[in-house]
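To start, the structure under review is shown below, and the notes come after it.
The values are calculated or read from the model by the stated rules, or taken from the named source; none is laboratory data. Computed from a prediction, not measured in an experiment: that's the story for all the values here. Please note: Cβ atoms are built from the backbone with ideal geometry, for glycine as well, and neighbour counts cover all protein chains shown. The accessibility values were calculated without ligands, DNA or RNA, using every heavy atom of the protein model including side chains. Shrake-Rupley method; radii C 1.70, N 1.55, O 1.52, S 1.80 Å.
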Amino acid sequence: DAGITQSPRHKVTETGTPVTLRCHQTENHRYMYWYRQDPGHGLRLIHYSYGVKDTDKGEVSDGYSVSRSKTEDFLLTLESATSSQTSVYFCASRRGRSYEQYFGPGTRLTVT
Amino acid sequence: DQQVKQNSPSLSVQEGRISILNCDYTNSMFDYFLWYKKYPAEGPTFLISISSIKDKNEDGRFTVFLNKSAKHLSLHIVPSQPGDSAVYFCAAGKSSGDKLTFGTGTRLAVRP
């Protein structure tokens, strides 16, 4: 399994505050992904990166931005958190030659 | 527009019997498929995959079947064990793309 860590693991924040979640991988994987998991929706892609400084939107990207300045780090930012962004967020990474994505342990975010 | 569907939110099976988890997709451009297992408070872990050039792939107790004409895949677990109790997600992707589309998940409970 890829060495993927996420920080923080849990966060409670107030509506309107900015929040940044960090994903760190030690496998030198080219691709990295941010998903959110919600009941009844499974895993939905927020943003992904196909290389340093190369990112693209997923199906639920509104209200989120990402940055990737190094291969190993992929940051997800909620510029102004809303209650609808309360969710569990998962980061994943993938080598270029295979299709399997390897997931981090998740971050539970609560926006009050 | 749910392109990957898992219509059974839950399944309960006796230990030692077969578990069959189903997944349907609508996008005919998908050409590879994966199954992930997820325990509570952990990230999803890759289980098994299949390419559209095959109709079956087996790995130990786990077998995935693909019926392209029906746009249907299934995961068979034989024999089922209590440790298999988890949420199972199917996912689909295009070899020409970088993303996976996930289903909503099926919660499997294996009764001792």
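Only aspartates and glutamates eight or more places from residue A:57 in sequence, or on another chain, were considered; those with a Cα closer than 20 Å are A:38, A:72, A:73, A:79, A:100, B:1, B:98. Run the Debye formula on the Cα coordinates of segment B:4-111, all scatterers equal and no solvent, and tell me log10 I(q)/I(0) at q = 0.13 1/Å. Log-scaled intensity ratios, in q order: -0.43. Structural descriptor for chain A: relative contact order 36 percent, calculated from alpha carbon pairs under 8 angstrom and at least 6 residues apart. Within segment B:72-112, name every residue whose backbone N is under 12 Å away from a label modeled 7 Å from Cα of residue B:14 along the Cβ vector. From segment B:72-112, the list is B:111-112.
Residues of segment A:72-112 that lose at least 30 Å² of accessible area (1.4 Å probe, protein heavy atoms only) when the other protein chains are present, relative to their chain alone, are A:90, A:99, A:100, A:101, A:103. Within the straight-line cut-off of under 29 Å between alpha carbons, the lysines reachable from residue B:56 are B:5, B:37, B:38, B:68, B:71, B:94, B:99, sequence neighbours fewer than 8 places apart in one chain being disregarded. Interface size, chains B and A: roughly 1600 Å² of accessible area buried, both sides included, 1.4 Å probe, rounded to the nearest 100. Placing +1 on the Cβ of every Lys and Arg and -1 on the Cβ of every Asp and Glu, with nothing else charged, gives the protein assembly as shown a dipole about its Cα centre of roughly 200 debye.
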